[in-house]
Ligand SMILES: [Zn+2]
């Protein structure tokens, strides 16, 4: 099999499910720029790239995104109590982990998935990925999986929308010939487009949306069930929608980070350092200081800090500050690899 062009309605649906209020803009873009989507054979490494108006990806790359969404949810479950208590008690996350009796099991549940994700780059095809028994397949019937997994399912769809929107901006630049010079500025511009597409019109959408979509209620329920004892709050509809979208955007960024070769995570002539990408994202998210978005982002970022240096800890006076501290720690620890010009 070489590449197989797929019906763009599949990608269109993922984007519309994620941001229904942007339907008109999306249709305009699809009509004018005519992006095409092609599934290419699995191979070593990951494929998610654009040439002209053709966006290529493969099965293994998308399955990795799915697995990472589940890993992210488990990271959130493991570290959210630490992040919440870090603020309340003014202690570092590592100090709180030391007194958490369930820590070993909680760490093992996501480290297992991250290990598979990490090995995915070296697998020749998706069939070589060791699929854990407790992980639903991406094609599972949504109504038969647990509430928690449904919430993860929705996040995975939205993160998929985010990564395709990033590629669609490449298509737009390619046609309009107005891209910033290739390299870090181009990648940051595509990130910004994807982020703004999902977040910019949430406020007007929330005013018109008659009620919360069911999936959002489920996600909220799952989060509240987890956080109820620590911090009972009631958020407005707009904050909940914004939170879920922003969580998906941070998951999308985390995914792009994961599929980027370790050697270029510190940045090179083509890609910005990942710390910068996260920082740009965090800087633009219009979520309240106490939003669960910050807790979610902080747990993902902290898990990465720990992977780079298990002894490193972070602290901050707010959830947002913990995110910033984690980004700084990632920047300092990411190995810088000098790469010769291609
Ligand atoms: Zn790109």
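Read-outs: derived from the displayed coordinates by stated rules, not from any lab. All of these numbers come straight from a predicted model, not from anything done at the bench. Heads up, the Cβs are rebuilt from the backbone with ideal geometry, glycines too, and the neighbour counts pull from every protein chain shown.
Highest mean packing first, where packing is the average number of other Cβ atoms within 10 Å per residue, the peptides 87-99, 56-68, 280-292 line up as 56-68, 280-292, 87-99. Averaged over residues, the count of other Cβ atoms within 10 Å places the peptides 133-141, 238-246, 314-322, 47-55 in the sequence 238-246, 314-322, 47-55, 133-141, highest first.
Among 69-76, 29-36, how do they line up by average Cβ neighbours within 10 Å per residue, starting with the highest?
By packing density, highest mean first, the sequence is 69-76, 29-36.
For the chain, the mean residue ellipticity at 222 nm estimated from helices alone is -20500 deg cm²/dmol, where every DSSP H run of n ≥ 4 contributes -39500 (n - 2.57) and the total is divided by all residues, rounded to the nearest 500. Here the Debye sum runs over all C-alpha atoms of region 1-128 as equal scatterers in vacuum, and log10 of I(q)/I(0) at q = 0.14 Å⁻¹ comes out as -0.81. Compared with the direct C-alpha span, the chain from residue 7 to residue 101 gains 28.9 nm at full extension, assuming 0.36 nm per residue. Annotation for region 15-43 versus region 250-286: alpha-carbon center distance of 22 Å. Cβ-Cβ distance of residue 43 and residue 176, R₀ of 45 Å, FRET efficiency by 1/(1 + (r/R0)^6): the value works out to about 0.90. Entry note, the chain: relative contact order of 21 percent, from Cα contacts under 8 Å with a spacing of 6+ residues. Calculate, in nm to one decimal, what residue 23 and residue 261 gain on full extension: separation in residues at 0.36 nm each, minus their alpha carbon distance. Taking residue 23 through residue 261 to full extension adds about 82.3 nm, to one decimal.
Once both labels are positioned 7 Å from their Cα atoms along Cα-to-Cβ, the gap between residue 144 and residue 237 label points is 3.4 nm. Is the shape of region 61-333 rounded, prolate or oblate, going by the alpha carbon gyration tensor and its root eigenvalues a ≥ b ≥ c, with a/c under 1.5 for rounded and a/b larger than b/c for prolate? Cα axes put region 61-333 in the rounded bin.
Were the residues from residue 133 through residue 289 laid out at 0.36 nm apart, the gain over their Cα-Cα distance would be 52.4 nm. Normalising the average separation of contacting C-alpha pairs (under 8 angstrom, six or more residues apart) by the number of residues puts the relative contact order of region 8-112 at 17 percent.
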